[in-house]
Amino acid sequence: MSDRGAFDTNVVTLTRFVLEEGRKAKGTGELTTLLNSMCTAIKAISSAVRKAGIANLYGIAGSTNVTGDQVKKLDVLSNDLVINMIKSSFTSCVLVSEENEKAIIVEPERRGKYVICFDPLDGSSNIDCLASIGTIFAIYRKAMLSIFTQMSQSIYKRKNSQRIAVHPMEDAMWDPW
């Protein structure tokens, strides 16, 4: 604590932690960039969830996802946020979302070495009753160079290729950041 009273001015945020640990690992920085992009998307989703009533984001979007759940307006927004943040980080080659029927292959000029599987807003069917919701994601290192012809093997072949699995919570009652 500093002498400024009850406020700690040397706060360790998730972003700061990821940057510090990435520096210690002496890696390429690609995983750190990916994690920071996911943190940014999750913060934006959290903000949207808190403002959902005012922004008319509650309710059904009018379709069903690959698991048969009715897609909510917040599902669509959350999926777009995660996809756009990951693609703009230049760290991934394949995105697998619960909201999309097929995997998203990142354009060659934006491609990185990670495969990201995610549910952008897990528990969204509970959003109207203020139950906990969150973003689930797992990060895998691409196992093969021939991603188009052997994509399923690339994702599932090596059990030890998963790098990270996370489930942060976002809801109107709790701010994780």
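Taken together, the values in this text are just the output of simple stated rules run on the coordinates, not laboratory data. As the structure is a prediction and not an experimental result, all values here were calculated from the model. All Cβ positions, even for glycine, are placed from backbone atoms using ideal geometry, and neighbour counts span all protein chains on display.
Our estimate of slack between Asn56 and Lys26, defined as 0.36 nm per intervening residue step minus the Cα-Cα distance, is 6.3 nm. Taken about its Cα centre, region 35-112 carries a charge dipole of about 300 debye when Lys and Arg each add +1 at the Cβ and Asp and Glu each add -1 at the Cβ.
A straight chain from Ser125 to Val11 at 0.36 nm per residue would run longer than the Cα-Cα distance by 37.6 nm.
Within a straight-line Cα-Cα reach of under 21 Å, Lys102 can be paired with the following lysines, leaving aside sequence neighbours fewer than 8 residues apart in one chain: Lys72, Lys73, Lys87, Lys113, Lys142, Lys157.
Taking the Cα centre of region 1-84 as origin and assigning +1 to Lys and Arg Cβ atoms and -1 to Asp and Glu Cβ atoms, the resulting dipole is close to 140 debye. Compute the Cα gyration tensor for region 1-58, then decide on rounded, prolate or oblate, letting a ≥ b ≥ c be the square roots of its eigenvalues: rounded whenever a/c is under 1.5, prolate when a/b is larger than b/c in the other cases, and oblate in all that remain. Note, shape of region 1-58 comes out oblate.
Does region 1-135 come out rounded, prolate or oblate by the C-alpha gyration tensor, with a ≥ b ≥ c the root eigenvalues, rounded set by a/c under 1.5 and, if not, prolate when a/b is larger than b/c and oblate if not? Judged from the Cα gyration tensor, region 1-135 comes out oblate (a/c at least 1.5, b/c at or above a/b).
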